[in-house]
Amino acid sequence: MNTQKSATVVIAGGGTGGHLFPGIALAQHFVEKYGAKVVFIGTSYGLENKVLPKLPYTFKKVWIRGLQRKINLSNLLFPLRLVVSLVQCAIIFAHERPSVVIGTGGYVSGPALMVGLLFGIPTAIQEQNSYPGLVNRLLGKRVGQIHLTYEDSKKYFAGHRDINISGNPVRNELKQVDRAGAARKFELNSDLLTLFVFGGSQGARGINNTLLQALPELAKVKNLQILWVTGTSSFAELSKAAAKFERVTMHEFIEDMASAYAASDLVLCRSGASTLSEIALTGLPTILIPFQFATDGHQ
């Protein structure tokens with residue numbers, strides 16, 4: 001995509017790290033290569049609300065929220081949320097005058113792309129998964145460019161004239177951290193083998209429970225330490241249950257995944273799209289446990 005110097009790039013996507021972190025990787029590229037201004041559009045509900053305020057990008061929130069898969073009265077608000085979010089995006093675009101709008105998936109990308117198309121702004125989508133998400137499937141044939149991770153995904157956008165197999169963008173910092181410094185950050189011993197366990201940006205109950213049951217056996221491996229990301233909802237309970245075990249370091253959430261990977265020798269995790277790309281870059285041996293209820297079978 002041709003992005004001129006001092007252009008404004010709007011990136012819309014979030015809810016989970018799978019949609020957010022590729023957007024951050026794109027933002028790093030546009031700033032470093034083109035000197036662009038990057039404006040993220042997200043919500044107050046997703047992971048972006050926790051991560052983006054700490055980064056040097058403009059962050060605008062809209063009211064949209066994804067439909068709940070179980071019967072939920074909040075779903076009745078979806079049409080109103082969509083209309084309000086369209087108006088909010090229109091106001092943001094009128095002020096920021098973006099040169100391009102990029103959707104990285106999740107419901108928040110929908111209104112941003114729709115307003116971009118309405119205003120005649122160049123638009124693009126970036127799809128992390130082999131089976132595209134709902135918003136990308138609905139709007140993919142109307143946007144200007146499509147950037148896919150997998151060749152097999154082309155069939156979902158048959159007839160589009162500008163499809164690119166670009167891979168899944170990965171943040172720069174994943175290539176820049178040394179093991180010793182990373183180990184110090186997490187108070188780990190750099191001379192021991194480190195098992196890094198996590199379940200994605202929201203944790204994974206199945207992995208957490210299985211690891212807790214396995215701790216008595218793992219504790220017998222004298223040269224092993226565990227770096228464990230539990231997710232926010234389970235952290236207090238699991239921390240208490242695992243307190244008697246040595247060489248187990250626990251966190252609710254880790255933003256600095258670059259350091260976590262650098263400190264590790266083996267990874268046990270879910271198989272989200274961004275996770276797969278990051279692990280491929282780091283070259284770490286990994287045990288993948290797909291989440292069987294992931295939306296559209298993405299894992």
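The values are calculated or read from the model by the stated rules, or taken from the named source; none is laboratory data. Because the structure is a prediction, the values reported are computed rather than measured. No Cβ is skipped: glycine too gets one built from the backbone with ideal geometry, and neighbour counts run over all protein chains shown. Side chains included, ligands, DNA and RNA excluded: accessible areas come from the protein's heavy atoms. Shrake-Rupley method; radii C 1.70, N 1.55, O 1.52, S 1.80 Å.
In this rough spin-label picture, where each label sits 7 Å from Cα along the Cβ direction, the residue 31-residue 187 distance is 3.0 nm.
Per residue, the chain exposes 50 Å² of solvent-accessible protein surface, assessed with a 1.4 angstrom probe and all protein chains in place. Span-like helix criteria (full DSSP H runs; alpha carbon extent of at least 18 Å along the helix axis; mean Kyte-Doolittle hydropathy of at least -0.5) are satisfied in the chain by 17-34, 78-96, 205-218. Its Cα gyration tensor gives region 241-282 an equivalent ellipsoid; the semi-axes, largest first and in whole Å, are 22, 11, 10.
Expressed as a whole percent, the accessible surface of the chain that belongs to carbon and sulfur atoms is 54, based on a 1.4 Å probe.
Divide by every residue of the chain the summed helix terms, -39500 (n - 2.57) for each DSSP H run of at least 4, and state the resulting mean residue ellipticity at 222 nm, rounded to the nearest 500 deg cm²/dmol. So the calculated ellipticity at 222 nm is -10000 deg cm²/dmol. Across the chain, the longest piece that holds none of the trypsin sites (Lys or Arg not before Pro) lying in DSSP loops with up to 13 other C-beta atoms within 10 Å covers 71-140. Charge tally for residue 179 (other residues, Cβ to Cβ under 13 Å; Lys, Arg +1; Asp, Glu -1): -1.
Max-minus-min Cα coordinates of the chain on each principal axis give 62, 46, 35 Å, with the largest extent listed first. Accessible surface for residue 63 stands near 80 Å², nearest 10, in the context of the full protein assembly shown (1.4 Å probe).
Summing Cβ point charges (Lys, Arg +1; Asp, Glu -1) relative to the Cα centre of the chain gives a dipole of roughly 660 debye. Here the spin labels are modelled as points 7 Å beyond Cα on the Cα-Cβ line, and at residue 222 and residue 205 they lie 3.9 nm apart. What you get for region 51-193, charging only the Cβ of Lys and Arg (+1) and of Asp and Glu (-1), is a dipole of about 420 debye around the Cα centre.
Along the chain, counting only GluC sites (Glu not before Pro) with a DSSP assignment other than H, G, I, E or B and at most 15 other Cβ atoms inside a 10 Å radius, the longest segment between sites is 1-186.
According to the square roots a ≥ b ≥ c of the eigenvalues of the Cα gyration tensor, what is the shape class of region 68-119, taking rounded for a/c under 1.5, prolate for a/b larger than b/c otherwise, and oblate for the remainder? Cα axes put region 68-119 in the prolate bin.
With N counted as the residues of region 39-143, its alpha-carbon radius of gyration over 2.2 N^0.38 Å works out to 1.05. Using Cβ point charges alone (K and R +1, D and E -1), the dipole size of region 119-190 about the Cα centre works out to roughly 120 debye. Under 5 Å from the amide H of residue 12 lie the amide H atoms of 41, 102, 103, 104, each residue being 5 or more positions distant or on a separate chain, with H modelled from the backbone and absent for Pro and chain starts. The distance separating the Cα centre of region 170-229 from that of region 99-162 comes to 35 Å.
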